[in-house]
Amino acid sequence: MRKISLIIIALVLAFVFLQLFEPRREAAVANFEECAAAGGAVMESYPRRCGFGDETFVEDIGNELEKDGLIKVDFPRPGQTVASPLTITGEARGYWFFEASFPVVLADWDGLIIAEGIAEAEAEWMTGDFVSFKATLTYQVPEERYSRRGTLILRKDNPSGLPANDDALEIPVLIE
């Protein structure tokens with residue numbers, strides 16, 4: 001009986017030893033949001049970066065930095081939650097417009113268009129300077145959806161239809 005007790009105690013001690021000294025597995029992190037949620041170090045840059053272990057993840061801000069000299073959006077900002085009716089405000093160079101407007105689209109996580117509208121210039125648009133614009137999109141969120149992620153797309157108006165004249169600002173958003 002004493003041998004059985006010693007064997008049980010040895011097994012319990014071995015189990016406790018393995019639990020205490022087993023290397024901890026870090027949580028699986030695949031993107032900026034998961035990194036921040038897992039407690040990674042978030043660097044206050046733009047776009048923000050998050051360090052987790054040996055990896056660094058960059059916040060998705062769409063192509064905002066690439067289009068900064070052409071179009072700027074005040075609302076919504078990348079990563080913000082949007083709800084219907086969604087009012088979009090900002091400013092764009094006059095040549096982004098045609099007849100004082102340009103198209104705006106809201107797409108869900110897989111590219112399905114859930115709202116379309118027109119942004120309208122709020123001042124004289126026939127200029128190379130920045131011109132304020134405003135657009136309002138009304139939509140209904142599909143009942144069954146895989147993700148809240150979506151993309152707001154502000155397209156340069158292109159009456160010629162030539163691909164060389166196409167351009168767009170894409171802003172990642174969370175759709176309510």
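Keeping to pairs on different chains or 8 or more places apart, tell me how many lysine pairs in the chain have Cα atoms under 26 Å apart.
Values: K67/K134; K67/K156; K72/K134; K72/K156; K134/K156.
Close lysine pairs under the 26 Å cut-off: 5.
The C-alpha atoms of the chain define a longest principal axis, and helix 2-21 lies at about 30 degrees to it. You can think of it this way: the chain between T56 and D166 has 36.3 nm of extra reach, that is 0.36 nm per residue less the Cα-Cα gap.
Can you order the peptides 143-156, 37-50 by their average number of other Cβ atoms within 10 Å per residue, highest first?
Descending packing order for the listed peptides: 143-156, 37-50.
In plain terms, if you count all Cα to Cα distances in segment 36-118 and split them into 10 Å steps from zero, the share in each step is 13, 37, 32, 14, 3, 0 percent.
What area, in nm² and to one decimal, does the C-alpha convex hull of the chain cast on average over all directions? Orientation-averaged projected area of the Cα hull: 15.9 nm².
Under a 5 Å amide H cut-off, with hydrogens placed 1.01 Å from N, I88 pairs with A135, T136, L137 among residues at least 5 apart or on other chains. Rounded to the nearest 0.05, the FRET efficiency derived from the C-beta distance between L112 and I4 at R0 = 45 Å is 0.10.
With K and R counted +1 and D and E -1, the other residues having a Cβ less than 15 Å from that of L65 yield a net charge of -2. Neighbours of R93, meaning other residues whose beta-carbon lies under 13 angstrom from its beta-carbon, give a summed charge of -3 when Lys and Arg score +1 and Asp and Glu score -1. Panel order for I4, I171, I113, by other beta carbons found within 10 Å of each beta carbon, from fewest to most: I4, I113, I171.
What do you get for Rg/Rh of segment 71-175 when both radii come from the Cα atoms and Rh is the Kirkwood radius? Display every interim value, and only then the final one.
Values: Rg = 13.8 Å, Rh = 14.0 Å.
Across segment 71-175, the Cα-based Rg/Rh ratio is 0.98.
Annotation for R77 and E176: the two label points, set 7 Å from Cα along the Cα-Cβ direction, are 1.7 nm apart. Put simply, the amide H of R48, placed in the peptide plane, has neighbours under 5 Å in E59, leaving out anything fewer than 5 places away on its chain.
None of the figures in this text is laboratory data; all of them are computed from the coordinates on show. Keep in mind it's a predicted model, so treat the numbers as computed, not measured. Virtual Cβ from ideal backbone geometry, glycine too; neighbours counted across all protein chains shown.
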